[in-house]
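The values are calculated or read from the model by the stated rules, or taken from the named source; none is laboratory data. Because the structure is predicted, anything quoted here is derived from the model rather than measured. Please note: Cβ atoms are built from the backbone with ideal geometry, for glycine as well, and neighbour counts cover all protein chains shown.
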């Protein structure tokens, strides 16, 4: 019977200029005997030390898309079909570990999902003798830029990427990872560094935070960690924990407030929002000190539909999440209520499972003002 080897994969995320490429160079120059296959977005940006390149080491057929190094590592450009590229690398049976440097404008969750689904999505990959297995997700954060952004709303615009997009991506990258690599840590004051870590903790309480400079981190801390578990990472963000742990309706819940005033609060109500009033709140009355908000809601013009509301930085989204269980046929609903203790616990005789449940994360949050403003968005009539 053929032995199947899992080749561990490290996924590096982080917005442009955070230090991912410097870390890639650090990995490629390793002297620990680990043979890395490193997939990057632009091999020209890596600036590989010429002394490390194997003689005749640029082996791309038509372009300089792959560089072989003397220590047995390779560096290659990310192709359109990541799954096939990973299969091509694993079939070579030459490498101990794969590193993927995600684009600065990529969300990590879809990439992670793609890698994790290879055994089921491409069952023939097992016949290759090896298949990639996601080992860890590391998000590289530029401490200097994060300090400026969350202190004064500084400009994060770079290469035609809107500030709003960068803020949103930064938050999503922090929320979906195992390790936050806080790069350029020595370039900010101690108080600023503590505040940055507090903000990261407010967004992502479970990831390990490692401080470093120039991407210089002990590889043993980020390689072969076996940290990644999709379900655990996907539910590690603060907003999910707050929603799942908060069950009291008609009551505002405040999370722990840290030294720099970074805290959370949960708004929970049963009546529907008036869509026009809620839109006015979001567009004109939104608290400036809210860093992140996410949760579920519904509106008086579409009572059957549950929406996911999401805010990160200045970017706001509202997505249809399907229908409430309360819309199910009576017999099916009764059966489901008997089987599902969580649904039964949250059920309301008047509203069913319909509710507003929004988590706010920010600095010096005026929880009473947020509650009052959102209460004014609720419809006046009763169901």
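So which of 356, 363, 311, 339 is within 25 Å of residue 245 (Cβ to Cβ) and surrounded by fewer than 16 Cβ atoms within 10 Å (Cβ to Cβ)? Even if it seems obvious, please write down each step before you answer.
Details: 356 fails: surrounded by fewer than 16 Cβ atoms within 10 Å (Cβ to Cβ); 363 fails: surrounded by fewer than 16 Cβ atoms within 10 Å (Cβ to Cβ); 311 fails: surrounded by fewer than 16 Cβ atoms within 10 Å (Cβ to Cβ).
None of the other options fit; the residue is 339.
Check residue 117 against each of (1) at pLDDT 80 or above; (2) farther than 21 Å from residue 181 by Cβ; (3) in contact with a strand residue (DSSP E or B) (Cβ under 8 Å, 6 or more places away or on another chain) and name the one condition it does not meet.
It fails just one condition, (3).
For residues in region 239-281 being modelled with pLDDT of 85 or more, out of contact with any strand residue (DSSP E or B) (no Cβ under 6 Å at 6 or more places or on another chain) and in a helix (DSSP H, G or I), which is surrounded by the most Cβ atoms within 10 Å (Cβ to Cβ)?
Checking each candidate, the answer is 278.
Test each condition in (1) out of contact with any helix residue (DSSP H, G or I) (no Cβ under 8 Å at 6 or more places or on another chain); (2) modelled with pLDDT of 65 or more; (3) under 22 Å from residue 82 (Cβ atoms) for residue 33 and report the one that comes out false.
(3)
How many of the residues in region 219-238 are touching a strand residue (DSSP E or B) at 6+ places or on another chain (Cβ under 9 Å) and over 20 Å from residue 262 (Cβ atoms)?
So in region 219-238, the residues touching a strand residue (DSSP E or B) at 6+ places or on another chain (Cβ under 9 Å) come out as 221-228, 230, 233, 237-238.
Applying the additional criterion that residues be over 20 Å from residue 262 (Cβ atoms) yields 221-228, 230, 233.
Residues that pass the stated criteria total 10.
Considering region 353-382 alone, what residues qualify as being modelled with pLDDT of 95 or more, more than 20 Å from residue 239 (Cβ to Cβ) and in contact with a helix residue (DSSP H, G or I) (Cβ under 9 Å, 6 or more places away or on another chain)?
376, 378
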